[in-house]
Amino acid sequence: MAASAAARQRFSWGFAAVMLAVGLLHSMSELQQYRAGGGQHPWEPFLWELSSTLLTALLAPLIYRLHARSRRQQGWLPSLGLHLAGALGYTLLHVTGMFGLRFAVYAATGVSYEPGHPADILLYEAGKDLVSYGFIVGLCHGLQLHEASRQREQDLLRLQTELAEARLNRLAEQIQPHFLFNTLNLISSVMYEDVPRADRIVCDLATLLRQALTAQENSRHTLAAELALVRPYLAIMQARFGERLQVQVDVEEAASVCLLPSLLLIAPVENAITHDVAHSAGQVQVRVSATLREGRLCLQVANSGRAPERSERPGSVGLSNTRERLRVLYGDAARVRLSADDAGGSLLEIELPEQRA
């Protein structure tokens, strides 16, 4: 609201400056003819032109409102009738006000002023006023179309923002059950083999869920808070795979205070394990790292297991949700890339704009 009021005030001052400039230009032009005709009072051309410009400026807002009302009329005949009445009213008010102001100034200065017969004056001014009225209506129409376009853009932006928020909420709701169901399946498979190990997994899962519920209260948190969610999950996975899974977390201290969407790393880490570690017979190392480079937060989830085919990982629920979340939040400023490394493993890279808490 304050921005709109400030914009209207700037427009009003700009309109006043333009009208003053137009009046002065007309006055200077009239002054040349006045002197050539032997005029004795150089201020007279300024009075004639500025009085006309002043009345036009005062009546322009009324024409703006009248045109806005005419656009709401059903059919062109009512709109035309409204503008014909407006043109007549504008002419009468413009001529009456303009000559009233002139007579007042001449009376105050004691200079004689005989503009001519009133009927001749009205007929002469009516022709010019009709052209002026049409010109002002054209300007008003352009301004109102511009305002309508701006309003549509603001409404569209508001709708896009609301849609983005709704989509983010839906995606976050999808991510939570995604890794939760996978974890429960792991618990189910372990509990028949090793009850103490299953108990540790349940404890880690309880810790993970408590922290995840806390994280869901905010759409974003620090990388350090995100790692507090990832570590219990990795502990669950290590309990499941034992020595087959080696975990390394390498995060720069400056990167740990950067902001990122909540639950962002859970799905990539889960994918690295279920798609790579679970399909590798040997030992696999999963490495989570974070660095800052040229104002960007660079996250990597790498594993030394089987490199996935390109048709496998990109279409998975977790990774596709990650891409969608980042697209909605950052647009083209975020980047997600999955590639195979030379050793046969895979590397998921996520780049975000650096934003600190």
- Query: For the chain, what is the calculated [θ] at 222 nm in deg cm²/dmol (nearest 500), taking -39500 (n - 2.57) for each run of four or more DSSP H residues and dividing by its residue count?
  - Reply: -23500 deg cm²/dmol
- Message: In whole percent, and with a 1.4 Å probe on the protein chains, what portion of the accessible area of region 199-261 is carbon and sulfur?
- Response: 48
- Message: With a 1.4 Å probe and all protein chains kept in place, how much accessible area does residue 28 have, in Å² rounded to the nearest 10?
- Response: 90
- Message: I need the Debye-formula profile for region 1-136: one equal scatterer per C-alpha, no solvent, reported as log10 I(q)/I(0) at q = 0.11, 0.12 1/Å, two decimals.
- Response: -0.51, -0.60
- Note on the structure: Under 5 Å from the placed amide H of residue 111, counting only residues 5+ away or on other chains, we find none
- Treating the angle as unsigned and between 0 and 90°, give the value, to the nearest 10°, between the Cα long axis of helix 76-109 and the longest Cα principal axis of the chain. 60
- Item | Calculated over the chain: convex hull of Cα atoms, volume per residue (Å³) | 228
- Item | Counted charge near residue 34, where neighbours are those whose Cβ lies closer than 12 Å (Asp, Glu -1; Lys, Arg +1) | -2
- Query: In Å², what does the accessible area per residue of region 8-62 work out to with a 1.4 Å probe?
  - Reply: 65
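The values are calculated or read from the model by the stated rules, or taken from the named source; none is laboratory data. Keep in mind it's a predicted model, so treat the numbers as computed, not measured. When we count neighbours, we look across all protein chains shown, and the Cβ atoms used for this are built from the backbone with ideal geometry, even at glycine. Remember, those area values only see protein heavy atoms, side chains included, never the ligands or the DNA or RNA. Shrake-Rupley method; radii C 1.70, N 1.55, O 1.52, S 1.80 Å.
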